[in-house]
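Data first, discussion second: the structure below is written as structure tokens.
The values are calculated or read from the model by the stated rules, or taken from the named source; none is laboratory data. Keep in mind it's a predicted model, so treat the numbers as computed, not measured. In this analysis, Cβ positions are derived from the backbone assuming ideal geometry, glycine residues included, and neighbour counts consider all displayed protein chains.
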Amino acid sequence: MADEREQSVRRVLVVTAHPDDVDFGSAGTIATWTDAGLEVSYCIVTNGDAGGVDPEVPRSAIGGIRQDEQRKAAATLGVTDVEFLGYPDGRLMVSLDLRRDITRIIRRTCPDRMVIQSPHRDLRSLYGSHPDHQATGEAALCAIYPDARNPFAHPELLTEEGLEAHTVPEVWVMSANDRADQYVDITDTFDRKIAALRAHTSQTAHMTALEERMRAWGSLQAQAAGLPAGRLAEGYLVLDTR
């Protein structure tokens with residue numbers, strides 16, 4: 001069944017809250033998919049303008065810097081279609097406007113698969129439960145169902161922009177070890193995951209143990225997946241949304 005599913009996928013849309021979210025959670029997976037010929041697009045909801053740790057960089061410049069970093073990171077993984085919605089970092093809410101804007105991207109890219117962040121708070125993972133991540137995950141799910149497939153939802157997308165309704169067949173929710181039911185072996189693309197993360201200089205330049213941290217996390221995922229010792233993985237909860 002998994003092989004049949006993979007054969008039916010040609011286009012993937014990833015929706016995350018901030019620049020670098022996709023690379024921490026899924027860069028190894030994305031590299032695996034682009035190597036296999038899948039077309040991957042990113043929708044980044046904010047510009048990450050509340051991030052960054054360098055006091056010498058003007059706050060007004062952060063958004064543009066982080067956009068540029070995300071495009072460079074995407075390029076290391078074979079992704080060229082990166083769109084930013086420009087919502088304020090740190091103040092995301094699940095609004096009809098956000099649902100509409102994600103719906104627009106879904107209808108434009110017509111993905112066979114989407115990758116999103118979890119809409120739920122994980123009390124064992126404070127970092128993974130950033131409110132912006134939760135809001136983005138929930139808004140993306142609302143856009144997937146019912147908005148994107150309903151021609152009468154956000155009617156201006158059809159009447160003014162010519163964007164027809166589209167049904168997303170499956171959704172992969174970025175997940176921790178015991179919440180995942182699908183794993184991707186990223187051992188062979190791990191170096192590109194690190195390269196993508198290093199492209200986010202404003203966020204990772206100070207992380208001296210970044211590779212070790214990512215390797216440890218990938219090892220835990222691989223163990224949960226039942227992979228041999230020394231392998232690395234990224235995990236997801238897969239939803240059938242046909």
Considering only residues that are in contact with a Leu (Cβ under 7 Å, 6 or more places away or on another chain) and not β-branched (Val, Ile, Thr), look in the range 132-156 and name the one that is surrounded by the most Cβ atoms within 10 Å (Cβ to Cβ).
139
I'd like to check which helices (runs of 4 or more DSSP H) are fully inside the range 1-110 and have at least 3 residues that are within 26 Å of residue 213 (Cα to Cα) and within 17 Å of the chain's Cα centre (by Cα).
21-35, 59-76
From the option list 165, 153, 135, single residue qualifying as at pLDDT 95 or above and part of a helix (DSSP H, G or I) is 135
Out of 231, 242, report the one residue that is crowded, with 17+ Cβ neighbours inside 10 Å, among the charged types (D, E, K, R), in contact (Cβ under 8 Å) with a residue 12 or more places away in the chain and not in a helix (DSSP H, G or I).
231
Restricted to the range 157-169 and to residues being surrounded by fewer than 20 Cβ atoms within 10 Å (Cβ to Cβ) and touching a residue at least 60 places away in the same chain (Cβ under 8 Å), the residue nearest to the chain's Cα centre (by Cα) is 169
Could you list, in sequence order, all residues of the range 11-39 that are of a type in the set (Asp, Glu), under 14 Å from residue 117 (Cα atoms) and out of contact with any Leu (no Cβ under 9 Å at 6 or more places or on another chain)?
21
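Quick grid of which residues meet (1) touching a Pro at 6+ places or on another chain (Cβ under 6 Å); (2) surrounded by 19 or more Cβ atoms within 10 Å (Cβ to Cβ); (3) not polar (S, T, N, Q):
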position: 56; (1), (2), (3): no, no, yes
position: 63; (1), (2), (3): no, yes, yes
position: 70; (1), (2), (3): yes, yes, no
position: 75; (1), (2), (3): no, no, yes
position: 83; (1), (2), (3): no, no, yes
position: 87; (1), (2), (3): no, yes, yes
Restricting attention to the range 191-226, which residues are without any contact (Cβ under 8 Å) to a residue 60 or more places away in the chain and either β-branched (Val, Ile, Thr) or in contact with a strand residue (DSSP E or B) (Cβ under 6 Å, 6 or more places away or on another chain) (or both)?
194, 208, 221, 222, 225
Residue tally, condition farther than 26 Å from residue 227 by Cβ and part of a helix (DSSP H, G or I), over the range 168-203:
3
